[in-house]
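Student: Structure in structure tokens, see below.
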Amino acid sequence: MIAIVAWRNIWRHKIRSLVVILSITVGLWAGVFMIAFSWGMYKQYIRETVDTQLSHLQLHHPGFEDDREVKYLLANNLSMMDDIRKDDRVKAATARTVSTGMISSPTTASGVTINGIFPEEENNVTKLASRIVAGKYLDSAGRSPVLIGKKLAVKLKVNLKNKIILTFQDTTGEIVAGAFRVAGIYQSKNTTLDEMNVYVRSSDLSQLLKVENAVHEIAILLKDDSNVDGVKEKLKEKFPDVAIKTWKELAPELELVINSFNEYMYIFVGIILLALTFGIINTMLMAVLERVREIGMLMAIGMSRVRIFFMIMLETIYLALVGGPLGLLIGYFSVKWTGSAGINISMYSEGLAAWGFSSIVYPELDSSYYLPLTLMTVFTAVLSAIYPAIRALRLKPAEAIRKI
Amino acid sequence: MEVVIDAHNITKVYNEKSIPVNAVNGVHLHLERGEFTALVGPSGSGKTTLLNIIGGLDHVSEGQVIINGTDITNMSDNKLIDFRLNNIGFVFQSYNLIPVLTAKENVEFVMLLQKKSKAEREKRVLELLREVGLEDKVNIRPSELSGGQQQRVAVARALASKPQFVLADEPTANLDSKSASNLLDIMARLNKEENMTFIFSTHDQRVIDKARRVITLVDGKVASDEKR
Ligand SMILES: Nc1ncnc2c1ncn2[C@@H]1O[C@H](COP(=O)(O)OP(=O)(O)O)[C@@H](O)[C@H]1O
Ligand SMILES: [Mg+2]
């Protein structure tokens, strides 16, 4: 009966209760959606980064990791590649010659990383060809072609077929320079990286370095994200002298995003719930104070304090139990809907694009988050009910009844 | 005769303002089972204060209250709630009923607090509502009942817990004279049929006329106590 009384009590002030319920609903909805939105954004960013930049695993000479000097070559890279390709968890693998240097046009110069690639293999791993926006991708035809990013092309004021000079050190420390012709211009989601990376054929670069088949880096794309650690272990056994890093180790900031996402989410929802707490306390306090005489009467006829406390708590919990799941449900469906349709943020995304974020976001939230969110909401409601309920308990029946 | 209320030297001083108010001053009250008593006196004479004390809603400044053999003078507030539930029926001037419950549920409520069985509740609730002439208003909420009907539900509710006595503070103050005398007739009948002890405060001469004992308070003291 107390449960019934409590339930009916919240409908005595329909509008007031609805306002509380709706604020819980909207609060949680906004919370769920914002979390799903940012998770979708980061997830896509990570996906993009792994699929087009980092790959799942990269192999280097241990020395290369620290100072990226050209002398740290991967010996036996041909047999390594054979071994790697034999593993059927590997989707694609490619070798690269990597050198740091300078790109110069007639007007200006800029520091760049020069990537000597095997065009076809490279495309299998990073889909580089798909990012060509002008000209064509590298192939075996032509003399010394180079791919440069669109932003760099603008900066250097060069166009397709123009000549540029790449200057860098060879393995002995001598400065070497080579003339290349712009064969294609590419554009990725991360314009910052576009400005810093140019692509030439590995064979052309090897020649300038005066080393046959110079390889500094092997990048491996797997069929399944979850195999990263397994494949890494296996490669470690096979090539004990080679430094092998997973994408998480290569870009620790990405792992940080993933790991701190939970905390971020709980803090975010916590702030929303904290704001709701004040609304709930205020409403319930009003509900208690305007019923002073009634509560006094209930105490007079023998309703114990425990029961009155319980009744007020229940009223609050009901408000949360109506508003909370409703908010989560609306949140769930709006995440589902926008998650498949995507949200175009290109209007606001220019700044984000520089950092590699996509302009269409697909919000996503793992269903395992919904239960803790529900529990947090109920917990908040219980917490906010305590003070109003205690106020109700402090009433003295003889005084409460006298009050008009 | 069985003594229901035995109160000695009841004194209540309110100290809330700078000047202490001596609301009740050395009252002795002795009520036996089956009495039908009116407590009368001008406004401010201490009727409510005295009723609150013998009803276990308030504590005395001095004196002793014994209800049906139990000394409640120094009982804790929490124990008093339980004591009231099982020993005293209340009818107030207003705000008697739980607005979100129907007439039937209101009467049933105290029996639920007492953890009475469903069968017992059903039987007694309908019986009581019939006694107060509201068998056709069982499922109506208080807001749709007239003032007189609401007070009759309150009387039924007061009796539902099978208390030692029913205490009513100005139960007719908000009623027209017809409803007031109707309510008193019902109370008088329940007093006879169930041998229920009633004590009620009032201003209304026609209500006073129905009492079999009239205690008059003036300035917190008993000025007269007559049986008829
Ligand atoms: N809570 C209180 N604090 C101070 N004085 C009070 C309080 N309650 C009642 N009084 C005073 O006690 C006296 C008796 O009041 P009351 O018992 O309500 O009389 P009645 O019910 O006969 O009108 C009055 O003078 C009243 O002002
Ligand atoms: Mg009074």
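Student: Which condition number does B:ASP176 fail, the rest of (1) out of contact with any Asp or Glu (no Cβ under 8 Å at 6 or more places or on another chain); (2) buried (at least 17 other Cβ atoms within 10 Å of the Cβ) being met?
Tutor: Failing condition for B:ASP176: (2).
Student: Condition first: of a type in the set (Ser, Thr, Tyr) and touching a Ser or Thr at 6+ places or on another chain (Cβ under 9 Å). Now tell me which residues in segment B:124-173 satisfy that.
Tutor: As a first pass, look at segment B:124-173 and keep what is of a type in the set (Ser, Thr, Tyr): B:143, B:146, B:161, B:172.
Scanning segment B:124-173 gives B:SER146, B:THR172.
Student: Looking at A:ILE280, A:ILE295, A:ILE244, A:ILE272, which is the one that is surrounded by 19 or more Cβ atoms within 10 Å (Cβ to Cβ), within 14 Å of chain B (Cβ to nearest Cβ) and of a type outside the set (Gly, Ala, Ser)? Step through it out loud before you land on a result.
Tutor: Details: A:ILE280 fails: within 14 Å of chain B (Cβ to nearest Cβ); A:ILE244 fails: within 14 Å of chain B (Cβ to nearest Cβ); A:ILE272 fails: within 14 Å of chain B (Cβ to nearest Cβ).
A:ILE295 is the lone residue from the list that is surrounded by 19 or more Cβ atoms within 10 Å (Cβ to Cβ), within 14 Å of chain B (Cβ to nearest Cβ) and of a type outside the set (Gly, Ala, Ser).
Student: I would also like to ask the following. Looking at segment B:139-146, is at least one residue outside any strand (DSSP E or B), touching a residue at least 12 places away in the same chain (Cβ under 8 Å) and within 16 Å of ligand 1 (Cβ to nearest atom)? Steps first, answer last, please.
Tutor: Here is the first cut: in segment B:139-146, the ones outside any strand (DSSP E or B) are B:139-146.
Now drop any that are not touching a residue at least 12 places away in the same chain (Cβ under 8 Å), which leaves B:139-143, B:145-146.
Pick out the ones that are also within 16 Å of ligand 1 (Cβ to nearest atom) and you get none.
No - not one qualifying residue is present in segment B:139-146.
Student: Anything in segment B:103-116 that is at the interface with another protein chain (Cβ under 7 Å from one of its Cβ atoms) and either in contact with a Pro (Cβ under 6 Å, 6 or more places away or on another chain) or more than 24 Å from B:LEU175 (Cβ to Cβ) (or both)? List them, or say none.
Tutor: Those that are at the interface with another protein chain (Cβ under 7 Å from one of its Cβ atoms) and either in contact with a Pro (Cβ under 6 Å, 6 or more places away or on another chain) or more than 24 Å from B:LEU175 (Cβ to Cβ) (or both): B:LEU112, B:LEU113.
Student: Within the set of pairs 6 or more residues apart or between chains, which connect a residue that is touching a residue at least 12 places away in the same chain (Cβ under 8 Å) inside segment B:83-111 to a residue that is hydroxyl-bearing (Ser, Thr, Tyr) with Cβ atoms less than 7 Å apart?
Tutor: B:LEU85/B:SER161; B:ASN86/B:SER161; B:GLY89/B:SER161; B:PRO99/B:SER143; B:VAL110/B:SER161; B:MET111/B:SER161
Student: For residues that are of a type outside the set (A, V, I, L, M, F, W, C) and more than 6 Å from ligand 1 (Cβ to nearest atom), scanning just segment B:42-60, find the one that is farthest from B:GLU2 (Cα to Cα). Steps first, please.
Tutor: Within segment B:42-60, the first condition is being of a type outside the set (A, V, I, L, M, F, W, C), and the residues that meet it are B:42-49, B:52, B:55-56, B:58-59.
From what is left, the residues that are more than 6 Å from ligand 1 (Cβ to nearest atom) are B:42, B:52, B:55-56, B:58-59.
Values: B:PRO42: 30, B:ASN52: 22, B:GLY55: 18, B:GLY56: 20, B:ASP58: 24, B:HIS59: 24 Å.
In this case the residue turns out to be B:PRO42.
Student: Next question, about the same structure. Step by step: first the residues of segment B:2-37, then only those that are of a type in the set (Gly, Ala, Ser) and away from every other protein chain (no Cβ under 14 Å), then the one that is nearest to ligand 2 (Cβ to nearest atom). Which residue is that?
Tutor: Step one: list which residues in segment B:2-37 are of a type in the set (Gly, Ala, Ser), which gives B:7, B:18, B:23, B:26, B:34.
So of that shortlist, the ones also away from every other protein chain (no Cβ under 14 Å) come out as B:7, B:18, B:26, B:34.
On the way: B:ALA7: 18, B:SER18: 23, B:GLY26: 19, B:GLY34: 25 Å.
Restricting to residues being of a type in the set (Gly, Ala, Ser) and away from every other protein chain (no Cβ under 14 Å), the top hit is B:ALA7.
Student: Within segment A:165-207, which residues are of a type in the set (A, V, I, L, M) and within 37 Å of the chain's Cα centre (by Cα)?
Tutor: Kept after step one, since they are of a type in the set (A, V, I, L, M), are these residues of segment A:165-207: A:165-166, A:175-177, A:179, A:182-183, A:185, A:193, A:196, A:198, A:200, A:205.
Within segment A:165-207, A:LEU166, A:VAL182, A:ALA183, A:ILE185, A:LEU193, A:MET196, A:VAL198, A:VAL200, A:LEU205 meet the criteria.
Student: Identify all residues within segment A:279-304 that are among the acidic types (Asp, Glu) and assigned to a helix (DSSP H, G or I); write none if there are none. Don't jump to the end; show me each part of the working.
Tutor: Taking segment A:279-304 first, the residues among the acidic types (Asp, Glu) are A:290, A:294.
Hit for segment A:279-304 is A:GLU294, nothing else.
Student: For segment B:62-89, enumerate the residues that are farther than 22 Å from A:LEU393 by Cα and facing chain A (nearest Cβ under 8 Å).
Tutor: The answer is none; no residue qualifies.
Student: Further question: Taking A:GLU249 as the residue in question, decide whether it is acidic (Asp, Glu) and either in contact with a strand residue (DSSP E or B) (Cβ under 7 Å, 6 or more places away or on another chain) or at pLDDT 90 or above (or both).
Tutor: Numbers: acidic (Asp, Glu): yes; either in contact with a strand residue (DSSP E or B) (Cβ under 7 Å, 6 or more places away or on another chain) or at pLDDT 90 or above (or both): yes.
Taking the combined requirement at face value, the residue satisfies it.
Student: If B:LEU184 satisfies all but one of (1) aliphatic (A, V, I, L, M); (2) in contact with an Asp or Glu (Cβ under 8 Å, 6 or more places away or on another chain); (3) away from ligand 2 (no atom under 16 Å from the Cβ), what's the number of the condition it fails?
Tutor: With respect to (1) aliphatic (A, V, I, L, M); (2) in contact with an Asp or Glu (Cβ under 8 Å, 6 or more places away or on another chain); (3) away from ligand 2 (no atom under 16 Å from the Cβ), B:LEU184 is out only on (2).
Student: Here's another thing I want to ask about it. Across segment A:100-115, which residue is surrounded by the most Cβ atoms within 10 Å (Cβ to Cβ) among those that are over 30 Å from the mean Cα position of the chain (by Cα) and in a strand (DSSP E or B)?
Tutor: Selected residue: A:ILE103.
Student: Being in contact with a strand residue (DSSP E or B) (Cβ under 7 Å, 6 or more places away or on another chain), of a type outside the set (Asp, Glu) and either in a helix (DSSP H, G or I) or in the same structural domain as A:VAL378 (by TED's automatic domain parsing) (or both) is true for just one of A:LEU276, A:LEU205. Which residue is that? I'd like the intermediate steps shown before the answer.
Tutor: Values: A:LEU276 fails: in contact with a strand residue (DSSP E or B) (Cβ under 7 Å, 6 or more places away or on another chain).
Just one listed residue meets the conditions, A:LEU205.
The rows are residues; the columns are (1) surrounded by 15 or more Cβ atoms within 10 Å (Cβ to Cβ); (2) over 29 Å from A:GLY173 (Cα atoms).
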residue	(1), (2)
A:GLY40	yes, yes
A:ARG47	no, yes
A:VAL50	yes, yes
A:PHE64	yes, no
A:ASN76	no, no
A:LYS86	no, yes
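Student: Something else: Do we have A:ARG307 as over 16 Å from B:ILE81 (Cβ atoms), over 32 Å from the mean Cα position of the chain (by Cα) and either part of a helix (DSSP H, G or I) or not assigned by TED's automatic domain parsing to the domain that holds A:LEU393 (or both) here?
Tutor: Working: over 16 Å from B:ILE81 (Cβ atoms): no; over 32 Å from the mean Cα position of the chain (by Cα): yes; either part of a helix (DSSP H, G or I) or not assigned by TED's automatic domain parsing to the domain that holds A:LEU393 (or both): yes.
Considered against the rule, which asks whether it is over 16 Å from B:ILE81 (Cβ atoms), over 32 Å from the mean Cα position of the chain (by Cα) and either part of a helix (DSSP H, G or I) or not assigned by TED's automatic domain parsing to the domain that holds A:LEU393 (or both), A:ARG307 comes out as no.
Conditions tested, residue by residue: (1) away from ligand 1 (no atom under 16 Å from the Cβ); (2) more than 16 Å from the chain's Cα centre (by Cα).
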position	(1), (2)
B:ARG121	yes, yes
B:GLU127	yes, yes
B:VAL155	yes, no
B:GLN164	yes, no
B:GLU193	yes, yes
B:LYS221	no, yes
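Student: So, one more: Which of the numbered conditions does B:THR70 fail, given that it passes all the others? Conditions: (1) polar (S, T, N, Q); (2) more than 14 Å from ligand 2 (Cβ to nearest atom); (3) in contact with a strand residue (DSSP E or B) (Cβ under 9 Å, 6 or more places away or on another chain).
Tutor: (3) is the only condition that B:THR70 fails.
Student: Would you pick out the residues in segment B:90-102 that are surrounded by 19 or more Cβ atoms within 10 Å (Cβ to Cβ), more than 8 Å from chain A (Cβ to nearest Cβ) and touching a strand residue (DSSP E or B) at 6+ places or on another chain (Cβ under 7 Å)?
Tutor: Within segment B:90-102, B:VAL91 is the sole residue that qualifies.
Student: Next question, about the same structure. Out of all the residues in segment A:25-33, is one or more away from every other protein chain (no Cβ under 14 Å), in contact (Cβ under 8 Å) with a residue 40 or more places away in the chain, touching a strand residue (DSSP E or B) at 6+ places or on another chain (Cβ under 8 Å) and farther than 30 Å from B:VAL110 by Cβ?
Tutor: Let us first name the residues in segment A:25-33 that are away from every other protein chain (no Cβ under 14 Å), namely A:25-33.
Next, from what is left, pick out any that are in contact (Cβ under 8 Å) with a residue 40 or more places away in the chain: A:25-33.
Those left that are additionally touching a strand residue (DSSP E or B) at 6+ places or on another chain (Cβ under 8 Å): none.
No: segment A:25-33 contains no residue that is away from every other protein chain (no Cβ under 14 Å), in contact (Cβ under 8 Å) with a residue 40 or more places away in the chain, touching a strand residue (DSSP E or B) at 6+ places or on another chain (Cβ under 8 Å) and farther than 30 Å from B:VAL110 by Cβ.
Student: Another question, then. Which one is farthest from B:GLY220 (Cα to Cα), of the residues in segment B:40-67 that are away from ligand 2 (no atom under 15 Å from the Cβ), touching a strand residue (DSSP E or B) at 6+ places or on another chain (Cβ under 8 Å) and assigned to a loop (DSSP other than H, G, I, E, B)?
Tutor: Ranking the qualifying residues of segment B:40-67, first place goes to B:GLY56.
The values are calculated or read from the model by the stated rules, or taken from the named source; none is laboratory data. The structure presented is a predicted model; accordingly, all values stated were derived computationally and were not measured. Cβ sites come from the backbone with ideal geometry, for glycine too, and all protein chains shown count toward neighbours.
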